[in-house]
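Taking it in order: structure first as structure tokens, then the write-up.
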Amino acid sequence: MNKARRNPANTLAMHGALILYTCIALFPVFVILINSFKTRKAIFREPLALPDADSFSMIGYQTVMKQGDFFLYFQNSMIVTVASLFFVLMFGAMAAFALSEYRFRGNTLMGLYLALGIMIPIRIGTVAILELMVASGLVNTLWALILVYTAQGLPLAVFILSEFMRQVSDDLKNAGRIDGLSEYTIFFRLVLPLVRPAMATVAVFNMIPIWNDLWFPLILAPAEETKTLTLGSQVFIGQFVTDWNAVLSALSMAILPVMVLYVIFSRQLIRGITSGAVK
Amino acid sequence: MTALTLSNVCKSFGPVDVLKNIDLTVEDSEFVVFVGPSGCGKSTLLRVIAGLEEATSGSIDIGGQVVNTVPPAKRGIAMVFQSYALYPHLTVHGNMALGLKQAGHPRDEIERRIAEAARMLSLEAYLSRRPSELSGGQRQRVAIGRAIVRKPKLFLFDEPLSNLDAALRMNTRIEIANLHRQLTASMIYVTHDQTEAMTLADKIVVLRDGRVEQVGSPLELYNNPANRFVAEFIGSPAMNFVDADRVGGPVGATLGIRPEHARIGDTGPLSGQVMHVEKLGSDTNVMIDLGRDSRFTVRVFGQYEIDPGAEVRIDYDTARTLLFSTEGARIAS
Ligand SMILES: Nc1ncnc2c1ncn2[C@@H]1O[C@H](COP(=O)(O)OP(=O)(O)OP(=O)(O)O)[C@@H](O)[C@H]1O
Ligand SMILES: [Mg+2]
């Protein structure tokens, strides 16, 4: 550590700024959380007050629990998000490895084709996707969502990961080849651990939009047994009346799983085992 | 028997020809050093021999068997990389064991070989450490150890010492020379370093633009270079080149004089002004401007006092000069 960093005034200012930013960033979440525990009247009377003996109420959570099968929605969202992330990371990493490692005809063209998906929003193809899903009988299954989200996430994943994989030392891969490792072992055992921070970045980038998406669940899987959390919560938002207790409670509960996933991935972001591999 | 025979090996990356018709033999237990300017294809040639790159044409024969289509692990070679390339997630022991495990050696055999390599390289104390917990020199020794345990017929080293500091480099150089004596395997060694090339090699191969310029023992190349390129490349400080007509030679030819074969004196056929003096303690390099855009270095043994700006004359051993044609080929003087 250098001297400037150890200076107490600097440290104080730095932490002050960070704490301030944390407060600003967390404030909406905090408001949602406290209001989810209040009666409807209290929410509108004093939105920023903490729940007290008078205003405390679990009515929102009760409504949510009664209305529909909320745990099923939860489970659906979780399955769709985790499975999509898994496929995005796996296929994205494999494609990225092939593009960055092997020289073959059309390599650059293939890379450009895959990167094109970053610029073209997948929603443009909604009608075609729906027709495809109807034809293949996948409407109202979680697979429909998983497949669409995987397709949606792949372009950026391939783009980011191939950039990182190009930086993995050739010598390391060649050392593996001389030691008789197969290309798969080199990919899984040598290269993947070294690009783990990049994988975590891709996972975080993809996770939030998938978890929060309303569009595709509404179109491809609106059935009761395949509803995701975001879609399930929509019943509380009406054209004329909105059940704010229920909406806030549903939102509060929806935060939890994403947070858990985020914590898992951010651990990977921080952990660096690359040091000492080369040089 | 020959450990390696390359016949007519070519390698191109798309339209770029990197290696052009390489013919080369490496005898059993011979130490061969590849030298050449940066980008001349030394590493590429090494990778072609290892099987990490496919030769575009020509045949590669290791230990009497054509190996063009044999994967790297089955060629009976081991390679040490400039960047060490240790597996970051494995311990020193794991790094050395991986290749043997892949080849299906029994466990006690693996342990025996690792113990032996660790003893040779004094790595016993570090077997359970990860590469990130080792110093640069130790990492390089682990990389060498990983090569030794494979018991290859042919070792390939790609600038293995260039990341080490001067003192460590010298120690490791001696260690490699010792290893070569103990292991009696053939070794191919790529380097930029004159001293490494001259001290380690039984045979030096000078490469330029993907072609072999000359092959020979270190002193053969030093005393009897085939052309101007080799003469300039081998030896440090580099050979001086003077237009031959200045000293009564044929017009258009160039006279090559090694810095250590020239003397500064009151008489002599060449004259100039001292530009710069490098005092190395054991010897002194005096750089002299001869005019006509021509510079001359004289290596004086021991310590020698002379100031830049002084007018001097240069004398040299006429018997030890070399004559080159305009194209750079050697001609009889
Ligand atoms: N994968 C590749 N694709 C295209 N050209 C390449 C590739 N690898 C090497 N080259 C080219 O081949 C030539 C020889 O490269 P090589 O790495 O063998 O040089 P080198 O002699 O080892 O140089 P150095 O001493 O700097 O290590 C260079 O001009 C390089 O640009
Ligand atoms: Mg090289």
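The values are calculated or read from the model by the stated rules, or taken from the named source; none is laboratory data. Keep in mind that what you see is a predicted model, and the values were worked out from it rather than measured. Virtual Cβ from ideal backbone geometry, glycine too; neighbours counted across all protein chains shown. Note: areas computed on protein heavy atoms with side chains; ligands, DNA, RNA excluded. Shrake-Rupley method; radii C 1.70, N 1.55, O 1.52, S 1.80 Å.
Observations on the structure shown:
- Mean projected area (nm²) of the alpha-carbon convex hull when region B:146-216 is viewed from all directions: 5.4 nm²
- Between B:Gln182 and A:Leu20, the C-beta separation translates, for a Förster distance of 56 Å, into a calculated FRET efficiency of about 0.30.
- Cross-link pairs beyond the 29 Å C-alpha cut-off, checked among A:Lys173/B:Lys151; B:Lys42/B:Lys101; B:Lys11/B:Lys101: B:Lys42/B:Lys101; B:Lys11/B:Lys101
- Stretch in chain A that is longest and holds no chymotrypsin sites (Phe, Trp or Tyr not before Pro) that DSSP places in a loop and that have at most 14 other beta carbons within 10 Å: A:105-239
- Viscosity 1.306 mPa s, 10 °C: Kirkwood-radius Stokes-Einstein D of region B:237-331 over Cα pairs, µm²/s: 117 µm²/s
- For region A:185-237, the equivalent ellipsoid built from the Cα gyration tensor has semi-axes of 35, 12, 7 Å, listed from largest to smallest.
- Using θ = phi - 60° and Karplus 6.51 cos²θ - 1.76 cosθ + 1.60, couplings along region A:147-157 (whole Hz; Gly, Pro as x): 5, 5, 5, 5, 4, 5, x, 4, x, 5, 4
- Burial annotation for region B:99-132: residues with an accessible-area loss of at least 20 Å² between the isolated chain and the complete set of protein chains, computed on heavy atoms with a 1.4 Å probe, are B:Gly99, B:Gln102, B:Ser132.
- Inter-label distance for B:Ala103 and A:Tyr262, nm, one decimal - labels placed 7 Å from Cα along Cα-to-Cβ: 5.1 nm
- Point-to-point label distance, B:Ser282-B:Asp209, nm (Cα→Cβ direction, 7 Å offset): 3.6 nm
- Reduced Cα scattering model of the protein assembly as shown, Debye log10 I(q)/I(0), q = 0.07, 0.08 Å⁻¹: -0.68, -0.81
- Based on every Cα atom in region B:73-131, Rg and the maximum pairwise Cα distance Dmax equal 11.6, 31 Å.
- Remark: the A:Leu132-A:Ala53 segment gains 23.0 nm on full extension, using 0.36 nm per residue and subtracting the alpha carbon distance.
- For chain A, the alpha carbon convex hull comes to 191 Å³ per residue, rounded to a whole number.
- Taken about its Cα centre, chain B carries a charge dipole of roughly 1260 debye when the Cβ of each Lys and Arg holds +1 and the Cβ of each Asp and Glu holds -1.
- Reciprocal mean inverse distance between Cα atoms of region A:8-63 - Kirkwood radius, Å: 13.0 Å
- A simple spin-label model places the labels of B:Thr195 and B:Met170 0.6 nm from each other, with each point 7 Å out along Cα-to-Cβ.
- For B:Met275 and B:Ser38, a Förster radius of 30 Å and the Cβ-Cβ distance give a FRET efficiency of 0.65, rounded to the nearest 0.05.
- Using the Cβ-Cβ distance between A:Thr242 and A:Leu214 with R0 set to 22 Å, the FRET efficiency from 1/(1 + (r/R0)^6) comes to roughly 0.90.
- Within the accessible area of region B:207-283 (1.4 Å probe), percent carbon and sulfur: 46 percent
- Rg over Rh for region A:8-112 works out to 1.26, using Cα positions for both radii and the Kirkwood form for Rh.
- Between the helical axis of A:8-36 and the longest alpha-carbon principal axis of chain A there is an angle of about 50 degrees.
- In the protein assembly as shown, the calculated helix contribution to ellipticity at 222 nm averages -14500 deg cm²/dmol per residue, counting -39,500 (n - 2.57) for every DSSP H run with n ≥ 4.
- Alpha-carbon centroid distance for the pair region B:162-195 / region B:215-284, whole angstrom: 28 Å
- Both radii were evaluated on the Cα set of region B:2-227; the Rg over Rh quotient, with Rh as the Kirkwood radius, amounts to 0.96.
- Were the residues from B:Cys10 through B:Leu90 laid out at 0.36 nm apart, the gain over their Cα-Cα distance would be 25.1 nm.
- Restricting the trypsin sites (Lys or Arg not before Pro) of region B:225-333 to loop positions (DSSP other than H, G, I, E, B) with no more than 10 neighbouring Cβ atoms within 10 Å leaves B:Arg292.
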